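Working notes, structure below.
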Amino acid sequence: MTTPKPKLPPPVNIKGGQIKVIVSGGMKVTSNDPRVVVERKD
Amino acid sequence: MGLPYVVEYLLAQQRPGGSYLVRQGGNQVLIPIVPPYTEVILQVFPGGGDYAELVYETYFSSEMVPGAFFAWAQHFGAKSSEGVLTGGVLANPLNGFVFVSAAQPALALIRNITPLNQFYCGHAFSLTIASEEDYKRVLETLDRLATSVKAERLAQEAVNLLRVLTGGALAPQPPIGGS
């Protein structure tokens, strides 16, 4: 008898497949990844 | 929490006109949801037209789950730190000077190594250097710091020698090797 493999939860469906990065402060943060959306909060 | 001495020293330095040579800055990068097994690579530059940032301390928020992320930081083509963000890493700030300019941005990778969504939040404290001229002044100021320490040691040695010559008591000496 084989042990069934544990089922991983499905990836969460983030709106439009985006990953939101919230940046505050003096430095500039960017990403070349098209899924990453950088948002400033200052 | 007190600032490292060299940071306090640089913050107190003034340009010839009287304005301060560097200013202190703080930065926060927050990712509310990092999906499972997902990695994010970020580039960090100076903002607001400044010449450079001298990052002297970074730390992670205590809300993060220990062991949930693998991360590295890369600068000038070399990885300055790399590993899983375990409890010990999250509990302690990482100190050291990292020079970040528009020509040499810092790179950071974070990878969620768990099957669950994770919260990420990192902080960095830095000294902002407005121009290349100011950067040269910062280097000169740091050189002078070393010179002044050396000058103080030499002065102490001179005082001790004078005491020996005049038959006075010697001040306690540092151990041989200077440690």
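The values are calculated or read from the model by the stated rules, or taken from the named source; none is laboratory data. Small disclaimer: the values here were computed from a predicted structure and weren't measured. A quick note on method: Cβ atoms are made from the backbone with ideal geometry, for glycine too, and the neighbour counts reach across all protein chains shown.
Among the residues of region A:18-42, those that are under 12 Å from B:LEU30 (Cβ atoms) and part of a strand (DSSP E or B) comprise A:ILE19, A:LYS20, A:VAL21, A:ILE22, A:VAL23, A:SER24, A:GLY25, A:VAL29, A:VAL38, A:GLU39, A:ARG40.
Just one of the listed residues (B:GLY26, B:GLY48) is among the small types (Gly, Ala, Ser), under 30 Å from B:ASN117 (Cα atoms) and either within 14 Å of chain A (Cβ to nearest Cβ) or part of a loop (DSSP other than H, G, I, E, B) (or both), namely B:GLY26. Among the residues of region B:100-133, those identified as out of contact with any strand residue (DSSP E or B) (no Cβ under 6 Å at 6 or more places or on another chain) and either free of Cβ contacts under 8 Å to residues at least 60 places away in the same chain or crowded, with 18+ Cβ neighbours inside 10 Å (or both) are B:ALA103, B:GLN104, B:ALA130, B:GLU133.
Counting residues in region B:55-64 that are under 23 Å from B:GLN74 (Cβ atoms), assigned to a strand (DSSP E or B) and within 11 Å of another protein chain (Cβ to nearest Cβ) gives one or more. Residue-level check: of (1) under 25 Å from B:ILE113 (Cα atoms); (2) touching a residue at least 24 places away in the same chain (Cβ under 8 Å), B:LEU54 misses just (1).
For region B:23-52, enumerate the residues that are in contact with a Gly (Cβ under 7 Å, 6 or more places away or on another chain) and farther than 18 Å from A:VAL21 by Cβ. So that I can check it myself, show each step before the final result.
Of all residues in region B:23-52, those in contact with a Gly (Cβ under 7 Å, 6 or more places away or on another chain) come to B:25-29, B:47-48.
Within region B:23-52, B:GLY25, B:GLY48 qualify.
Scanning region B:159-173 for residues that are surrounded by 10 or more Cβ atoms within 10 Å (Cβ to Cβ) and at pLDDT 70 or above gives B:VAL159, B:ASN160, B:LEU161, B:LEU162, B:ARG163, B:VAL164, B:GLY168.
Screening B:LEU116 against (1) hydrophobic (A, V, I, L, M, F, W, C); (2) touching a helix residue (DSSP H, G or I) at 6+ places or on another chain (Cβ under 9 Å); (3) more than 24 Å from B:GLU57 (Cβ to Cβ) leaves a single unmet condition, (2). Filtered by the rule that a residue be surrounded by 17 or more Cβ atoms within 10 Å (Cβ to Cβ) and either among the small types (Gly, Ala, Ser) or touching a Ser or Thr at 6+ places or on another chain (Cβ under 9 Å) (or both), region B:20-35 gives B:LEU21, B:VAL22, B:GLY25, B:ASN27, B:GLN28, B:VAL29, B:LEU30.
Taking the criterion of being at pLDDT 85 or above and either surrounded by fewer than 17 Cβ atoms within 10 Å (Cβ to Cβ) or in a strand (DSSP E or B) (or both), the residues of region B:65-77 that qualify are B:VAL65, B:PRO66, B:GLY67, B:PHE69, B:PHE70, B:ALA71, B:TRP72, B:ALA73, B:GLN74, B:HIS75.
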